[in-house]
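One structure below.
What follows draws every value from the coordinates through simple rules; no lab data is involved. If you're wondering where the values come from, they're calculated on a predicted model, not measured in any experiment. Here the Cβ positions follow ideal geometry from the backbone for every residue, glycine too, while neighbour counts run over all protein chains shown.
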């Protein structure tokens with residue numbers, strides 16, 4: 001048993017939120033555990049070595065037997081999928097997915113690369129892993145890549161979508177690809193999900209619970225309080241059996257957001273990144289047939 005559709009990225013572009021809505025369809029199965037990164041692992045170093053990268057090293061799935069086990073609980077669902085945000089970035093992944101199942105359907109979520117870069121930065125800052133300013137971190141990116149930091153640290157490079165997407169358009173037919181823009185998804189979740197359900201060959205009139213749509217973005221105003229709600233703690237484990245899973249998620253999401261303060265990118269850095277991405281964006285919009293002009297606005 002292997003999937004018949006995969007969400008391949010991009011990272012920090014709403015793929016985790018997309019998964020929350022996909023599983024609301026009764027005819028869709030996604031594994032309960034997080035991203036497996038299985039089809040990308042041949043491109044991985046032996047170990048990722050950035051601060052806090054241990055999770056990638058221990059949670060990633062590298063063997064076919066373990067990958068198949070992700071789908072042991074499939075029952076009668078027609079659409080069986082998985083989601084791994086780095087599948088878009090690594091060059092050999094598209095071909096490996098095609099080789100595993102040439103009829104696979106692929107979903108790609110793309111976010112304004114400038115916003116995506118800053119979202120990755122604030123995520124690692126929030127997780128107490130990033131110690132540099134955004135400008136310093138952009139300068140450190142080539143060295144970090146050389147030192148085998150996981151791709152989340154590649155704030156600038158992960159947003160060069162053209163070649164990443166082209167690997168999938170070269171490998172899969174048009175009717176196997178669904179490319180979603182993050183802004184379209186956020187602005188109208190119901191319509192976007194109906195479009196995706198139709199793409200997967202499923203009935204589409206499934207009302208979406210959007211109570212956890214907003215992202216947990218920003219930096220903690222209280223590190224101790226945020227970590228209590230964001231990370232495992234024995235006190236929470238005591239009450240866990242008495243609170244339904246979906247209720248726990250909604251409460252945790254709301255409480256964590258209360259302890260986060262948004263931060264902004266400087267206008268000069270934003271301007272520099274827009275110019276950096278401009279050639280790639282212009283090529284990408286021709287490739288995918290979508291107007292990306294808003295990505296080029298200062």
Order by neighbour count: 74, 189, fewest other Cβ atoms within 10 Å first, most last. 74, 189
What FRET efficiency would be calculated for the residue pair residue 211, residue 270, taking the C-beta separation as r and a Förster radius of 25 Å, to the nearest 0.05? 0.20
For the stretch 270-288 versus the stretch 1-47, the gap between their alpha-carbon centres in whole angstrom: 26 Å
Report relative contact order for the stretch 1-88 in percent, whole number only (criteria: Cα-Cα under 8 Å, sequence separation at least 6). 59 percent
Would you list 102, 25 from fewest to most Cβ contacts within 10 Å? 102, 25
